[in-house]
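The values are calculated or read from the model by the stated rules, or taken from the named source; none is laboratory data. If you're wondering where the values come from, they're calculated on a predicted model, not measured in any experiment. Don't worry about glycine lacking a Cβ; one is built from the backbone with ideal geometry, like all the others, and counts go over all protein chains shown. Heavy atoms of the whole protein, side chains included, go into the accessibility calculation; ligands, DNA and RNA do not. Shrake-Rupley method; radii C 1.70, N 1.55, O 1.52, S 1.80 Å.
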Amino acid sequence: MQGGSELPGFYKLSTEERLKLLQKLAGLTEEEVKVLGNTGGLPSDIANRMIENVVGGMTLPLGIATNFLVNGKDYVVPMAIEEPSVVAAASNAAKIARVKGGFKVTNTGPVMIGQIQTVGVRDPRMAAKKLAARKKVLLAKANEQDPMLVSLGGGAKDLNVKIIESLKGPMVIVELFVNCGDAMGANAVNTMAEAVAPLVEAISGGRVYLRIISNLADRRLVKATAVFDKEALGGEEVVEGILYAYAFADADPYRCATHNKGIMNGVVAVALACGQDTRALEAGAHSYASRSGAYKPLTTWKVNKDGDLVGTLEMPMAVGLVGGAAKVHPTAKANVKILGLKTAIELAEVMGAVGLAQNFAALRALASEGIQRGHMKLHARNIAASVGATGKMVDQIADQLVAEKKIRMDRAKEILDGLSKK
Ligand code: NAD
């Protein structure tokens, strides 16, 4: 950017003033300023309250995945994502899952962990013992912070004290286990962790540094299972191919990263649509996948006695319907209504089903025709649009690219030039 990046006082400007300044700095056209300033379904004043230095909005396509039957209830599922094929793949997988009754999902309850790091303790074992003995007092202090959550049946329910060896010597870590109800809970848990810290210092004789939630939410898991009928999914050979794909992911972290990424295509798309903290979900997923010390698939796949494929996804799902963007972003609120959700647990369970569906769809495509064929048409349309095609020409060019098996920008441009001349 010309003129440096310091921009003193940028935060004090109005959205329009910031955009004007940015226009000058980056040489933006009027059209570009208009595009940036468009906050879509999110009123500018709400956007301004959500984050800092706001200049506008960034819109993603919102698609609806169909066919989802989760714990006997039908859902149409909003997904916000920029990647082609994800919504279609989820809908298709959910359709196949319906043959054998859809998705069954269970959960461990909405419990998050808050960590309090204590250092400089002379006798860590003695301090840990004393802290554990004062559990009641510590939990009471935590719960004082959130009478609302406690009145709803949530709050700090238990704690654990552990000693860890670190680069800077032993540390005593107090972990609060907080039932967060319908909240994702980061603010609630952080507030509790901060409030109990002085007590932890007094009891342990140490010094507290960090007081913060853990995103390895292994007390807030969902477990989604579905049976995929072998005929409906394409026959025995495809079942075998999926089992080989799963074995590959289980044995090799390079493959496993992509296996789990496919799951997150679904999970994150629903999360974004519903105003959730997608980074918290990603952090939870990948740290949970590594809990054994090796990076492993979040799903498991096997065959049942009928020869059908049985998939299970188990992962942390820290989501909320109160607090965060879910309660303030109008599009997120509408999407929660589309899902017909009553509780955060229900959202977590639907997301578990979508993650499993997405993994099934990707493995099925990989084990049969290969992922590119499914992607090709949408990819070709994107390529056509990216070289400047509009309206009917987009499909015309995309069809030709697919037929020629040359889904490339240079070819798209040639076809476009030819059509434009006509
Ligand atoms: P919050 O504090 O806005 O809302 C939670 C509060 O709502 C509870 O403490 C409770 O008092 C009240 N409440 C009302 N009805 C409730 C119900 N039915 N169930 C539960 N609580 C109810 O939000 P939060 O969920 O504590 O925090 C979420 C936000 O924190 C997200 O925006 C997230 O991005 C952010 N955050 C995340 C991290 C992290 O993941 N590491 C760290 C800091 C902040």
Report task. Compute the separation of the alpha-carbon centres of the stretch 47-126 and the stretch 169-201 and state it in Å as a whole number. Result -> 23
**Report entry** Amide N proximity, the stretch 111-130 versus R207 label position 7 Å along Cα-to-Cβ, cut-off under 15 Å
**Finding:** 117-122
Report task. May I ask you to work out the translational diffusion coefficient for the stretch 296-422 at 20 °C, viscosity 1.002 mPa s, via Stokes-Einstein with Rh from the Kirkwood sum over Cα pairs, reported in whole µm²/s? Result -> 116
Query raised in the report: How big is D, in µm² s⁻¹, for the stretch 189-272 by Stokes-Einstein at 20 °C and 1.002 mPa s if Rh is the Kirkwood radius over C-alpha pairs?
Result: 123
Query raised in the report: Which percent, nearest 5, of DSSP beta bridges in the chain are antiparallel?
Result: 95
Report task. Calculate how many DSSP beta bridges within the stretch 1-155 are antiparallel, expressed in % of all such bridges and rounded to the nearest 5. Result -> 90
Report summary line: On the accessible surface of the chain, probed at 1.4 Å with all protein chains in place, carbon and sulfur together account for a percent value of 56
Requested in this report: Go from 0 up to the bin containing the longest alpha carbon distance in the chain, width 20 Å each, and give me the % of pairs per bin.
Outcome: 22, 46, 28, 3, 0
**Report entry** Residue-averaged [θ]222 nm for the chain, counting only DSSP H segments that reach four residues, each worth -39500 (n - 2.57)
**Finding:** -16000 deg cm²/dmol
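Compute and list, largest first, the equivalent-ellipsoid semi-axes of the stretch 50-158 from the alpha carbon gyration tensor, each √(5λ) rounded to a whole angstrom.
After diagonalising the Cα gyration tensor, the semi-axes are 44, 23, 16 Å.
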Report summary line: Rounded to one decimal in nm, the spacing of the 7 Å Cα→Cβ label points at K129 and K162 is 2.2
Report summary line: In nanometres, the difference between 0.36 nm per residue of separation and the alpha-carbon distance of E144 and M393 is 83.3 nm
Query raised in the report: For the stretch 119-222, what log10 I(q)/I(0) values come out of the Debye formula at q = 0.13, 0.21, 0.22 1/Å, with one point per alpha carbon and no solvent?
Result: -0.45, -1.09, -1.17
Report summary line: Sorted on mean Cβ neighbours within 10 Å (highest first), peptides 248-261, 349-362 come out as 349-362, 248-261
Report summary line: For the stretch 79-228, the count of lysine pairs 8 or more apart or interchain whose alpha-carbon atoms are under 28 Å apart comes to 22
Report summary line: Descending packing, highest mean Cβ count within 10 Å first, for 403-416, 175-188 is 175-188, 403-416
Query raised in the report: Could the peptides 215-228, 62-75 be put in order, highest first, of the mean number of other beta-carbon atoms found within 10 Å of their residues?
Result: 215-228, 62-75
Query - Solvent-accessible heavy-atom area per residue, rounded to whole Å², over the stretch 157-314 at 1.4 Å - result: 44
Query raised in the report: Alpha carbon centre of the stretch 215-238 versus the stretch 377-393: separation in Å?
Result: 34
**Report entry** Two-decimal log10 I(q)/I(0) for the stretch 284-351, as the Debye equation yields it once each C-alpha is a single scatterer, q = 0.26 Å⁻¹
**Finding:** -1.05
Requested in this report: Determine the dipole magnitude for the stretch 335-402: charges of +1 sit on the beta-carbon of Lys and Arg, -1 on that of Asp and Glu, nothing else is charged, the reference point is the Cα centre, and the result goes in debye to the nearest 20.
Outcome: 100
